[in-house]
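Accompanying notes for the structure given below.
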């Protein structure tokens, strides 16, 4: 075997082999119906994203007109944000000169007749594959931007991500090189670099603070009336043009993304390429020993991958963290409590009481802030924030526990051990569903408490001042601040949400137990286009079953709301929610017995996907 002539040919050879092997493995799996159906669903989903129409004429819609100087301000603010992040990185990040190589690449390249510089160039070129993929995904997610094409937007994102990667690697190499200096030189260099970075950071903060104050005190009350004055103040602040000059490389790398059209993109491209070339040369010419750090990082990644394959996302906790448990587990008690404790520990090694205290403290702070703010628009902001928090909480409380898999879906990998436990199947299933139910209650009721605190602060302020926040005839977002609107809506969500979550958990676990070949058990989340399609299929099936299961509850609650809404108003909603929750809970209880029968017939030797 002869050494490749250049790092580029080595990188292209490795990339082509990786893509070919991955394609062969993926195509081979499509022979199975579950992977073929998942692949078709995933491909259809991404095809819908790519082929979404921009308008009836086939052209993308015209970009919204921005106020004058908004583009300059956006570029300047983005450059300042990048500069602050870069300076904080230089201040607090340690240097680990590690290349992004796997253990297989290390075993192949390090003993090979290849120079260290060629290995470095290979690692830098190889890193462009995930960078290009990330830029592609971001371009797909964000869609078309402005009047420029998505291709130019993706190219701008690629330039930004490449510059960030090269900068982080240059920082790590430079700081590792400092550690190789004599002690006196090392400390002098670190102190000088810390002083320069800290001074630049303080200069940017002071300049932007002065610019915002100057723009706020200027004429005009429209939202964008003072943009021109703000940009001028930021360019000529207390330190003159020095901060604006320091932001030059950051403006270079952001200009292609924020270009309004293709000519502006091509005009902004050369400075960005020059900056990337400088960063590349910086990394390539910083001679530092990277072998040990690269090998250590590859070993850590391999250990993390092995833990994920066995369902353990974290390493063994330290002595200090071992004392952090969800709640104190007594030596004797019901075994169901121990199962809930175990699954909560697998979710997060922290105390439930501490999390509840954090939620309570946050609610108290938001209540005080909402009550003390005197801005004229505070009522609108509080009503909007409270309503948004309540809606978001309901979605998170329902969706988030379904993704944790800290129930039967995760423990079925150890079904052989579970079947030996001296516990009836019904009680075992009920205990397994307890942990995600607790998490849902933490998210749901905590979010409801925060929503009540935001709006309750304005209500308390109006009560203390002896004036109503809004008139009884008010409508829109203001009406949400009324006591007779806020509390019934919150109670409705708090009463019905646990029943809905219980039913959703039963349906998800039944899906895995009934179709283990299609939806494998375990806490490991497989990736790929076909896995995305299978998860979409599971979500659609769960949504359909939930919609059908909610019909009895709707039939009970509907007439009550119809006849009781006029005399009781919104207070009829919590009563209707409690009535609607009864059949939903009955269906969940029946689902528990169904899960018990499915678990009894579950065969680990046949149904666990290895």
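Ordering of 116-124, 567-575 by packing is 116-124, 567-575, highest average first (other Cβ atoms within 10 Å, averaged per residue).
Among 348, 126, the ranking by other beta carbons within 10 Å of each residue's beta carbon, starting with the fewest, stands as 348, 126. For the peptides 447-459, 409-421, residues were scored by their other Cβ atoms within 10 Å and the scores averaged per peptide; the highest-first order is 447-459, 409-421. Per-residue packing, averaged as other Cβ atoms within 10 Å, sorts the ranges 544-553, 496-505, 159-168 into the order 496-505, 159-168, 544-553, beginning with the highest. Modelled this way, with points 7 Å down the Cα-to-C-beta line, the labels at residue 399 and residue 179 are 4.1 nm from one another.
The numbers here are math on the coordinates, done by the rules we state, and not lab data. Predicted model only: the values in this text are computed from it and were never measured. Positions of Cβ are generated from backbone atoms using ideal geometry, with glycine treated the same way; all protein chains shown enter the neighbour counts.
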